[in-house]
Amino acid sequence: MPTKAQQYVESWDGTPNLERHQFTLNLLGIRYELGLFKNVSISSSLAPGLATYEEGYSFGLAWHTRVRYYHNFKKRYNFGMEVVGNSANYFGPARTLFWEPLQLADNLNDIGEFSLAFYGGVYGWQRTNKKGFNTTFEIGLGYYDGIGVSSGFGPLLNFTFGWVATNRKSKKVIKVN
């Protein structure tokens with residue numbers, strides 16, 4: 001477990017900031033995350049996703065877009081835990097698009113090709129180690145808007161495993177007195 005002296009500190013109150021740019025190569029996809037503020041980022045990815053709602057399920061590649069608010073950066077930092085690579089828990093609004101040609105399995109009663117859009121909220125867990133290996137898990141609840149299939153409410157599951165290809169922040173402590 002790293003000590004606080006190994007963490008990157010950029011803000012006036014001594015807490016770490018998000019990585020400004022983070023590009024991740026996932027096992028079955030890619031993700032780009034842009035740090036906007038101290039605890040807020042936006043991300044877009046093409047990765048596997050599971051849509052489960054009143055009408056059935058669909059599993060396959062999906063386009064995920066998120067606004068993430070990381071709520072435990074300071075707590076993780078104060079306990080000497082890793083925060084590099086945006087390693088923290090987050091929540092926020094989410095949108096995910098599923099297209100029938102990219103789906104591996106589904107039991108939806110469709111009329112040919114379909115698309116399904118998820119609009120809701122997610123809670124996620126993201127960890128990146130010093131070598132850049134990244135895992136992300138999120139669960140959400142929202143509305144599925146279907147074209148070619150019925151619409152309805154239900155949960156969303158998303159899990160990725162990958163490697164952060166961009167440089168992670170320096171391990172030096174920078175404090176402004």
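Derivation of every value follows stated rules applied to the coordinates shown; laboratory data play no part. Fair warning: this is a prediction, and the values are worked out from it, not measured in the lab. No Cβ is skipped: glycine too gets one built from the backbone with ideal geometry, and neighbour counts run over all protein chains shown.
Points worth noting:
- Among the trypsin sites (Lys or Arg not before Pro) in the range 76-177, those located in a DSSP loop and surrounded by at most 16 other Cβ atoms within 10 Å of their own Cβ are LYS130, LYS131, LYS171, LYS172, LYS175.
- Rounded to the nearest whole Hz, the Karplus-based 3J(HN,Hα) values (6.51 cos²θ - 1.76 cosθ + 1.60, θ = phi - 60°) of the range 107-116 follow the sequence 10, 7, 8, 9, 10, x, 6, 9, 9, 9, with x at glycine and proline.
- Count, lysine Cα pairs under 17 Å in the range 4-164, 8 or more residues apart or across chains: 5
- In sequence order, calculated HN-Hα J values of the range 21-30 (Karplus, 6.51, -1.76, 1.60; Hz; x Gly/Pro): 10, 9, 10, 10, 9, 8, 3, 10, x, 9
- Separation between Cα centres of the range 106-143 and the range 43-103, rounded to whole Å: 6 Å
- Most positive-pole-ward Cα, GLY60, ASN109, GLY162, against dipole of the range 4-164 from beta carbon charges: GLY162
- For the range 91-102, Karplus couplings with θ = phi - 60° (6.51, -1.76, 1.60), whole Hz, Gly/Pro x: 8, x, x, 9, 9, 9, 10, 10, 10, 3, x, 9
- Computed [θ] at 222 nm, deg cm²/dmol, the chain (DSSP H ≥ 4; -39,500 (n - 2.57); rounded to nearest 500): -1000 deg cm²/dmol
- Kirkwood radius, the range 4-164, all distinct C-alpha pairs, inverse of mean reciprocal distance: 16.4 Å.
- Dipole check for the chain: with +1 at the C-beta of Lys and Arg, -1 at the C-beta of Asp and Glu, and the Cα centre as origin, the magnitude is about 1580 Debye.
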